[in-house]
1. Give Gln39, Gln1, Gln13 a once-over and let me know the one that is closer than 16 Å to Gly100 by Cα, open to solvent by 40 Å² or more (accessible area, probe 1.4 Å) and over 11 Å from the mean Cα position of the chain (by Cα).
2. Pairs, please: C-beta under 8 Å, at least 6 apart or cross-chain, first residue on the phi > 0 side of the Ramachandran plot and of a type in the set (Val, Ile, Thr) and in region 69-83, second open to solvent by 40 Å² or more (accessible area, probe 1.4 Å) and at pLDDT below 95?
3. I need a count of the residues in region 16-41 that are of a type outside the set (Ser, Thr, Tyr), modelled with pLDDT of 95 or more and closer than 15 Å to Tyr104 by Cα.
4. Output the residues belonging to region 4-33 that are farther than 19 Å from Val48 by Cβ, in contact with a strand residue (DSSP E or B) (Cβ under 9 Å, 6 or more places away or on another chain) and not hydroxyl-bearing (Ser, Thr, Tyr).
5. Somewhere in region 91-113, is a residue open to solvent by less than 40 Å² (accessible area, probe 1.4 Å) and touching a Pro at 6+ places or on another chain (Cβ under 7 Å)?
6. Quickly run through region 6-27 and pick out the residues that are within 15 Å of Asn83 (Cα to Cα) and not in a loop (DSSP other than H, G, I, E, B).
7. Filter region 42-65 down to the residues that are among the small types (Gly, Ala, Ser), in contact with an Asp or Glu (Cβ under 9 Å, 6 or more places away or on another chain) and open to solvent by 40 Å² or more (accessible area, probe 1.4 Å) and list them by number.
Amino acid sequence: QVQLVESGGGLVQAGGSLRLSCGGSGSIFGIYTMGWYRQAPGKQRELVARITSGGSTNYAESVKGRFTISRDNAKITVYLQMNSLKPEDTAVYYCYVDLGPRVYWGQGSQVTVSS
């Protein structure tokens, strides 16, 4: 059984910052990628950022230079530092862990950026 628990969402003014955390527990071993997707109302879920076990990262073009993903392998935790937030960043953010045969998801965290 694998569980991912997110924290850190909320309401912030444009230009502000938030940090999302996602802690994993259960049968998470070996080499795996963790990351974040987001889904805004009426839009498809999109990849925000991901990070491999070795620390390689990928970002959506829309967040490059503003968001930073990191992870703590010992704690099985992934973070998303979001700076210079914009109203278009408003969405539910979901963390995930890709264990190969299966992908597991967090419960989702609402991030709302007011203008």
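1. Answer to the selection: Gln1.
2. Ile76/Ser25
3. So the count comes out to 6.
4. Passing the criteria: Gln13, Gly26, Ile28.
5. Yes, because at least one residue in region 91-113 is open to solvent by less than 40 Å² (accessible area, probe 1.4 Å) and touching a Pro at 6+ places or on another chain (Cβ under 7 Å).
6. Within region 6-27, Gly10, Leu11, Val12, Gln13, Leu18, Arg19, Leu20, Ser21 qualify.
7. Ser62
The values are calculated or read from the model by the stated rules, or taken from the named source; none is laboratory data. Just so we're clear, the structure is a prediction, and the values are computed from it rather than from any experiment. For neighbour counting, all protein chains shown are included, and Cβ atoms are generated from backbone atoms with ideal geometry for every residue, glycine included. To get the accessible areas, we keep the full protein, side chains included, count just its heavy atoms, and leave off ligands, DNA and RNA. Shrake-Rupley method; radii C 1.70, N 1.55, O 1.52, S 1.80 Å.
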